[in-house]
1. Helix 316-326 against the longest principal axis of the chain: what's the angle in degrees, Cα atoms only, rounded to the nearest 10?
2. Using a/c under 1.5 as the rounded threshold, could you call the range 341-420 rounded, prolate or oblate? The axes a ≥ b ≥ c are square roots of the C-alpha gyration tensor eigenvalues, and prolate needs a/b larger than b/c, oblate otherwise.
3. Could I have the simple spin-label model distance between residue 23 and residue 733, label points 7 Å from Cα toward Cβ, reported in nm to one decimal?
4. In degrees between 0 and 90, to the nearest 10, how far off the longest principal axis of the chain does helix 296-306 point, with axes built from Cα atoms?
5. Would you grab the residues whose amide H sits under 5 Å from the one on residue 147? Only those 5+ places off in sequence or on another chain, please, with H modelled 1.01 Å from N.
6. Could you do me a favour and compute the accessible area per residue for the chain, 1.4 Å probe, result in Å²?
7. Which length gain, in nm to one decimal place, applies between residue 427 and residue 365 when the Cα-Cα distance is subtracted from 0.36 nm times their residue separation?
8. Where the centre of each part is set by its Cα atoms, how far does the range 350-382 sit from the range 586-659, in angstrom?
Amino acid sequence: MSTKKIVIALVVLSFWGANAQQRIPEVETLLQKMTIEEKIGQLNLLTPGGGVTTGEVVSKNVEAKIKAGQVGGLFGVAGPDKVRVAQELAVKESRLGIPLLIGSDVIHGYKTTYPIPLGLSASWDMELVQQAAQMAAKEATADGINWNFSPMVDIARDPRWGRIAEGAGEDPYLGSKIAEAMVKGYQGNDLAAAHTMLACVKHFALYGAAEAGRDYHSVDMSKVKMFNQYLPPYKAALDAGAASFMTSFNDVDGIPATGNKWLLTDLLRDQWGFKGFVVSDYTSLNEMIAHGLGDLQAVSALALKAGLDMDMVGEGFLTTLKKSLDEGKVTEEEITSACRRVLEAKYISGLFEDPYRYLDSKRPEKDILTKENRALARKLAAHSFVLLKNENQLLPLQKNKKIALIGPLADSRNNMLGTWAPTGDVSLAVTILEGFKNVAPNATIQYAKGANVSDDPEFAKKVNVFGPRIEIDRRSPEVMVEEAVALAKNSDVVVAVVGEATEMTGEAASRTDISIPDSQKKLIQALVSTGKPVALVLMSGRPLTFPEEFELPVAILQVWHPGVEAGNAIADVVFGDYNPSGKLTVTWPRNVGQIPIYYSTKNTGRPAPESDEFQKFRSNYLDSPNSPLLPFGYGLSYTQFAYSDFKLDKQSIGQGESISATVTVANTGNFDGEEVVQLYLKDMVRSITPPKRELKGFQKVFLKKGEKKEITITLSPDDLKFYNSQLEFVSESGEFEVFVGTNSDAQLSQTFILK
């Protein structure tokens, strides 16, 4: 490592420290040379188009603006040669030669796509999560990208919201651990290294709580709820060293996040000590006009003064800030501060030392879609699958059976990668049919489509924006079902691959009906009616409401959208080469009427019986139990695990002390396997109403058949704290109950006293 690189690395380590106040001399010298127009130019993030965008605007005259020093960064451009052209325009043809940030949405892998984030979170394996992010960073940087619009850490408790697929689910504790792992995976220990990239935490803040589960919709909640339930993953990502944040589309306390000073300055910078830069989401600055906060000049000034540093695509900063400065609506220091933060990120990325450090033309072939990367993607996918039901221990299948592989997603290459995989190539994806043949070459595998994902052409048109995801067969639904039934009758076992097409979830893909489409419901019923054993491989980007299908005598394996190695990974699990170990990270409702539903609800003053027995004048429904179809943390295995000998190391502790819980877990079944031991905490009495229980620890453990291990999980002093009504992070004396088990309904418990 050169002396210069060592200096940059040391600056990175010190600069992101919570109490760091120092400035970077090279950046300060550059700021003194810049005109006000050049400073404003650094606040402008553009896309030349050609890639997947999340809005209707594509930037114009990009080349001329780069030469004029009016662009701070680009996204939607990739490949060492293409990025070099853009970087040379900035470095060689603009007055000051300031290099560009090159961003991209690398959401769940770059070219080697792995499971959607909701699926990856179901692994409960932080080492694997970090490895996934490292692989994505290595591939993306090989293509010239140095800034990633990921991770998305929004807590989401409404599966109607399509973007639930992009996050880690409903829980702030687990979400915080995953946010930390993702940031560390992308950024590593040296942001100036050629294989690491700037992380961008999104969407700040509360986007996952959009009303009615409708994308871009309003959000309204108390600050107590914000601090205790929704903000922790953002803070965890910041503490892990995240270099940038992205604002959300929604409002917070009536002010859009992109122009919210309390959010971007008072909380993020002053209270949390964030030293990086903040970028808007795609045209979210301009969209404040539609929110009702004024014209483009007014909302641009509002956003700058609130703490926004970079304007994505909308060019409100570029076209109005000089005028606002002349009119006294913003100050030069506000413009300079925003510019400084953008330049500091470029310095810390090593771009000033070498603007072309990410532009090695040999790297794409060496680092992208390698055999090793695809092997990791296959492993990540298998570890993300959740066994929801295993009727008569149907799974795993023997590899010499006569199998009817049926369903609209069984041989659908276009639906393997999942939503928000703009850098992936669907043609490289392994279908389930191919995976079965690869893993079980001695099996007799016969395929039939059986049904369309949906029979509704208007719905299909909305889903197929990025290409054919729902393809409606020319044959009638009745003919397809008949073919599938005939195949099933002539088989030993049926595997039906059903669920959602990839773009039925994701951005701008909210749904009011999250059940399995009727076309597939009819297929499932017909297959079960044959009397043959049926395993459902359920593919989706969200929890689905499927109480009728769940009651059928079937096995159900939830596989999310698994990525480029989908078929191989699914076959690995179906045929028992890997024993599924995934656990749900979001509660599955019985029906949409229960939404929002999550495990850490409050008890209320009139709690319903835990037995789900209806009682008048209690907090329950006339037409449905309160309990979900499947609880948070749920997931079966091909083997069984038994818990015993649960104890705490102390009966009481003082403020600031830790306490450890120990439990023995035994593999009592017939397969080796992994179990996620989960610890939940209930604060029995406190100054604000407590949740029924909260996840405060977990440990994934591998146990051979017949093996048992003693597992210890330690609660730190912070695990006993919460934000009170004054937003003070405190713990209060009193009794706590600790639960340990295999999901959020864990029954083994012990109590202790905090003095």
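1. Taking Cα atoms only, the helix is inclined about 40 degrees.
2. Working: a/c = 3.31, a/b = 2.69, b/c = 1.23.
Prolate is the answer for the range 341-420, as a/c is 1.5 or above and a/b outweighs b/c.
3. In this crude spin-label approximation the distance works out to 5.0 nm.
4. Relative to the chain, helix 296-306 is tipped by roughly 80 degrees.
5. 102, 104, 198
6. On a per-residue basis, 37 Å².
7. Contour length minus the Cα-Cα distance gives 20.6 nm.
8. 42
The values are calculated or read from the model by the stated rules, or taken from the named source; none is laboratory data. Treat the numbers as computed from the prediction; the structure is a model and nothing was measured. So basically every Cβ, Gly included, is an ideal-geometry build from the backbone, and we count neighbours across all protein chains shown. SASA here: full protein model, heavy atoms, side chains in, ligands and nucleic acids out. Shrake-Rupley method; radii C 1.70, N 1.55, O 1.52, S 1.80 Å.
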